[in-house]
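For reference, the structure discussed in these notes is given below.
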Amino acid sequence: FLEEKLKQYPGHRFFVFVNGHFSSTLSDIQSMPEGLSLTVESTSEQEWDVKYHPFAVLNAALMTEELSICVEKNVKLAMPMHILFLQTEEDQFINCPRYNVHAGENSELTLIEEHVSYLATNYFTNTLVEINAGPQSKVCYYKIQQEDIFLYLHLSQVCLVQLIALLQSRQITYL
């Protein structure tokens, strides 16, 4: 299933999460282009106010790792970065994936976040995305959901910090 999914998007750099956990073996992290770096941490420095961001607080309490993607100043990535969340387990109470993107000054990137279920039922996903866009940067963000609406609960927060930057965002849901 996954191999077929990856073939649908030739020319994309994939970062894959399976059941809420980052998979370095399924992700395209070898031979990263100059100016693009990736780290995976087990904790996050970010703190959230429960009054205004209750699901971000829940994510922070239950997350197991955070993927950080950094695009350096003046770097323009031609290849889209595709973050694929694959849900395969049945009756998984909750998973809380988190990733953040730092777009340096005058950088350009396309970010595609996709959620797919494969033989999964009764699960709750609480995703947190942080995009820090530097001055004059351009971030094109797309979200695709291909999950059975009767078998899951999906919450997602996208938090943007931008300094005179351009963010384009689209969401597509398949039923």
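Quick one: length gained pulling D49 to L119 fully straight, 0.36 nm per residue minus the C-alpha distance?
21.7 nm
If R0 is 22 Å, what FRET efficiency do you get for S37 and T64 from their C-beta distance, rounded to 0.05?
0.55
Could you work out how much longer the chain between H21 and N74 gets when fully extended? Use 0.36 nm per residue separation minus the Cα distance between them, nm to one decimal. Show your work: numbers first, answer last.
Numbers: separation 53, 0.36 × 53 = 19.08 nm, distance 3.08 nm.
That works out to 16.0 nm of additional length.
Take each of the peptides 64-73, 104-113, average the number of other beta-carbon atoms within 10 Å over its residues, and list them starting from the highest. Walk me through the numbers before you get to the answer.
On the way: 64-73: 18.0, 104-113: 20.0.
The peptides rank, most packed first, as 104-113, 64-73.
Once the piece of chain linking E90 and K7 is laid out straight, how much longer is it, given 0.36 nm per residue of separation minus the C-alpha distance between them?
Full-extension gain reported as 27.3 nm.
Each reported figure results from applying straightforward, stated rules to the coordinates on display, with no laboratory input. Everything numeric here is computed off the predicted structure, so don't read it as measured data. Methodologically, a virtual Cβ is constructed for each residue, glycine included, from the backbone with ideal geometry; neighbour enumeration extends over all protein chains shown.
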